[in-house]
Amino acid sequence: MPGWLKALLAVAIVVVLLVGGVIIGGVVWWSRNKDKLMGRAKEVMTEGREFGRNTDNQGCVDETLARYKKEPGFASVISSSIFTRACLDASRPTPGFCTDVPGPTEFIKSGQWRVEQCRRADLSSDSYCQQLFQPVQEFCERKSRTSTNDNSSQ
C-alpha cells in the first residue's frame, strides 16, 4: 500500500473519530441541559406574551433590542427571538409596521433590510444582529398571509 494512501486513511479515520466525538459530546450535553434550556425558553416566551399585552408591535422590537444590547451574543439572540415572537403575537398592531418588511425568502431584499435595521439600532458590528429581525419578517409574512386569506373568503 502506497504511503500517501496510508496517510489519507489515517486522516479519514481521525476526521471520523473527531466528528463522532463531537456528536456524542453534543448528545451528552443536550441530555444534561435540555430541561434547563426548555424551562428558560418557556420563561422567555411568557415574558414576551406579558410584555406584548401592554405594547404595540414596535414596542416589542424596541424591547427586544434593549434586552439584547444589555447582554449580546449567541445565547441572547436565541432568547431574544423567542421573546420577539411571543411579544409580537400578543401585541397591538402598529400602523405601517410591516409595510417595508420583505419576506424571509426574498433573500437580497431581506439581507439589505436586516443590515439597515442593525445600522438603525447601532448594532452594525454585531455578527448576530441580523437574526434579531427574522421573527419580525416571519410575523409580517404570517400577518400578510392571514389578511390575504381573510380577504379571499369575503
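The values are calculated or read from the model by the stated rules, or taken from the named source; none is laboratory data. These numbers come from a predicted model, not from an experiment. Methodologically, a virtual Cβ is constructed for each residue, glycine included, from the backbone with ideal geometry; neighbour enumeration extends over all protein chains shown. SASA here: full protein model, heavy atoms, side chains in, ligands and nucleic acids out. Shrake-Rupley method; radii C 1.70, N 1.55, O 1.52, S 1.80 Å.
Side notes on the structure shown:
- Conditions (1) in contact with a Ser or Thr (Cβ under 7 Å, 6 or more places away or on another chain); (2) modelled with pLDDT of 95 or more: number failed by Pro104: (2)
- Flag for Glu47 being modelled with pLDDT of 95 or more, surrounded by 11 or more Cβ atoms within 10 Å (Cβ to Cβ) and not hydrophobic (A, V, I, L, M, F, W, C): yes
- Where a residue in the range 113-139 is under 17 Å from Gln58 (Cα atoms) and part of a loop (DSSP other than H, G, I, E, B) and its partner, wherever it lies, is of a type outside the set (D, E, K, R) and open to solvent by less than 40 Å² (accessible area, probe 1.4 Å), with Cβ under 6 Å and at least six apart: Ala121/Leu65
- With respect to the stated conditions, Arg40 is open to solvent by 100 Å² or more (accessible area, probe 1.4 Å), at pLDDT below 95 and in contact with a Ser or Thr (Cβ under 8 Å, 6 or more places away or on another chain).
- Criterion (in contact (Cβ under 8 Å) with a residue 12 or more places away in the chain, hydrophobic (A, V, I, L, M, F, W, C) and under 12 Å from Leu132 (Cβ atoms)) met by exactly one of Val101, Val44, Val77: Val77
- Residue within the range 94-109 that is open to solvent by 30 Å² or more (accessible area, probe 1.4 Å), among the small types (Gly, Ala, Ser) and assigned to a helix (DSSP H, G or I) present: no
- Hits in the range 1-33 (condition: part of a helix (DSSP H, G or I), open to solvent by 80 Å² or more (accessible area, probe 1.4 Å) and not β-branched (Val, Ile, Thr)): Trp4, Lys6, Leu8, Leu9, Leu17, Leu18, Trp29, Trp30, Arg32
- Residue list for the range 71-81, filter: of a type in the set (A, V, I, L, M) and open to solvent by 40 Å² or more (accessible area, probe 1.4 Å): Ala75, Ile78
- Selected residue (criterion: farthest from Phe133 (Cα to Cα)) from residues of the range 47-59 that are of a type in the set (Asp, Glu) and in a helix (DSSP H, G or I): Glu50
- Candidate set: the range 107-154, residues that are among the β-branched types (Val, Ile, Thr) and at pLDDT 90 or above; chosen: the one farthest from Ala90 (Cα to Cα): Ile108
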